[in-house]
1. I'd like to compare 104-112, 50-58, 85-93, 37-45: which one has the highest average count of other Cβ atoms within 10 Å, and what's the full order after that?
2. Using a 1.4 angstrom probe on heavy atoms only, work out the carbon and sulfur share of the accessible area of the chain in %.
3. Tell me, what is the per residue accessible area of the chain in Å², probe radius 1.4 Å?
4. Out of (1) 48, 30, 23; (2) 38, 34, 29; (3) 48, 37, 21, which label holds the value of Cα extents along the principal axes in Å that was computed here?
5. Using a Gaussian network model of the chain whose springs link C-alpha atoms within less than 10 Å, name the residue from 33, 21, 62 with the highest mean-square fluctuation.
6. So what is the calculated 222 nm ellipticity per residue for the chain, using -39500 (n - 2.57) for each DSSP H run with n of 4 or more, over all residues, to the nearest 500 deg cm²/dmol?
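The values are calculated or read from the model by the stated rules, or taken from the named source; none is laboratory data. Model, not experiment: these values are computed from the prediction. Here the Cβ is made from the backbone with ideal geometry for all residues, glycine too, and neighbour counts use every protein chain on show. With ligands, DNA and RNA removed, areas are computed over all heavy atoms of the protein, side chains included. Shrake-Rupley method; radii C 1.70, N 1.55, O 1.52, S 1.80 Å.
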Amino acid sequence: MAVPGFDWFSDRVDWVSLVRGASLAFSVLVIGGLAAPLGSQIPVVGPAWLIITAVVAFVLAGYRIGDAVDPRVHGAGAAVAGYLLVLPLVVLGTGGLDPTQLVLTLLTAVVMGAIAGHLAGRTRDRRPA
């Protein structure tokens with residue numbers, strides 16, 4: 001049985017690029033999280049180290065659009081997938097999950113991934129819709 005609305009998403013993305021973007025976001029989030037003790041020592045950036053790391057990860061994931069028909073949807077999907085991959089590590093590291101943090105981080109992933117996908121789509125040729 002098909003998931004309602006999945007075809008709408010599936011037809012608009014390049015799955016290989018989506019997986020590569022999600023993998024890149026996962027890698028940046030893990031390395032940024034492990035480097036947090038060092039990053040927090042930087043005077044101006046330190047307090048916002050994890051936020052900056054997340055934004056960079058979501059932008060990098062969203063920018064890898066490949067041949068996606070709708071780069072905004074693709075970018076948002078790649079960024080969210082990258083966050084969902086790292087979420088089990090966050091739960092293991094913190095011992096729980098803050099629902100507010102979850103919602104705000106997912107919202108950030110959608111927005112930043114969509115913006116990056118849109119900007120990448122303006123400069124690349126894609127397959128026709």
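1. 50-58, 104-112, 85-93, 37-45
2. It is 70 percent, rounded to a whole number.
3. On the way: 7750 Å² over 129 residues.
I get 60 Å² per residue for the chain.
4. (3)
5. Of 33, 21, 62, the most mobile in the Gaussian network model is 33.
6. Numbers: 6 runs with 92 residues, N = 129.
One gets -23500 deg cm²/dmol as the mean residue ellipticity at 222 nm.
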